Amino acid sequence: MRFSKILIVDDSEAFRLKVKRLLVEGQVGYYHYEAKDGAEAISLYKTVRPHVVIMDIMMPNVNGIQAIKEIIKIDPKAKIIVCSTRDNKEIIDAAIKSGGAKDFLIKPFNTGDVVMAISKQLVENRDYSRSSTSAKQIQKLKTS
C-alpha cells in the first residue's frame, strides 16, 4: 500500500495534533509532516513534496496566503486545502481565487470533512498522473 504524504501547516500545535488524530480516526494511510508557519511549510514542501497540504491562513511570520503563492511557484499543480474560522471566509475566498488553494475547510471540522477533502485532492492527483502518463505513451507511439 502506498501512503500519501500530507503536510499540516498551522501555528497551533494542538490543531496540528487534532488533524493528525482525525486522519487516524479516518483509518487512511498517510505520512504526516508538520509546519508551524508558512516559512517552514515552504521549506518542507521543497524537500518532502507532499501530495496534499492543509494550510491555515492566519499565522505569524509568513502567513498562509504568502506561503501558498510561494508553493505554487515551486509546484503549480500543488494541492492545497486552506482552513480557517468562519470569521475568515473572505480570506479563504481570496486564497481560492488566487489560484493556489484547491479547497477549503472551516474550523472546526470533523473526520469526514478532512478525509473527504484530502481524498478529493488525491483522486485529482491520480487522474492527472494517469492522463499525463497516457499522453506520454501516445506521443512515444507516434514517434516510434
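Tabulated values for the structure
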{"quantity": "Rg/Rh for segment 1-97, where both radii come from Cα atoms and Rh is the Kirkwood radius", "calculated": "0.95"}
{"quantity": "Phi to ³J(HN,Hα) by Karplus 6.51 cos²θ - 1.76 cosθ + 1.60 over segment 48-65, Hz, x for Gly, Pro", "calculated": "8, 6, x, 6, 9, 10, 9, 10, 6, 8, 8, 9, x, 6, 9, 7, x, 4"}
{"quantity": "Inter-probe distance in nm under a simple model that places probes 7 Å from Cα toward Cβ, at I106 and K77", "calculated": "3.2 nm"}
{"quantity": "R0 of 35 Å, Cβ-Cβ distance H32-M58: FRET efficiency to nearest 0.05", "calculated": "0.95"}
{"quantity": "Sequence-distant residues sharing a close amide H with C83 (under 5 Å, placed H)", "calculated": "M55, D56, I57, L105"}
{"quantity": "Dipole magnitude of segment 1-76 about its Cα centre (Cβ charges: Lys, Arg +1; Asp, Glu -1), debye to nearest 20", "calculated": "300 debye"}
{"quantity": "Neighbour-limited loop hits for trypsin sites (Lys or Arg not before Pro), segment 39-83 (at most 16 other Cβ within 10 Å; DSSP other than H, G, I, E, B)", "calculated": "K77"}
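All of the numbers you see were taken from the coordinates with simple rules; none came from a lab. Just so we're clear, the structure is a prediction, and the values are computed from it rather than from any experiment. Don't worry about glycine lacking a Cβ; one is built from the backbone with ideal geometry, like all the others, and counts go over all protein chains shown.
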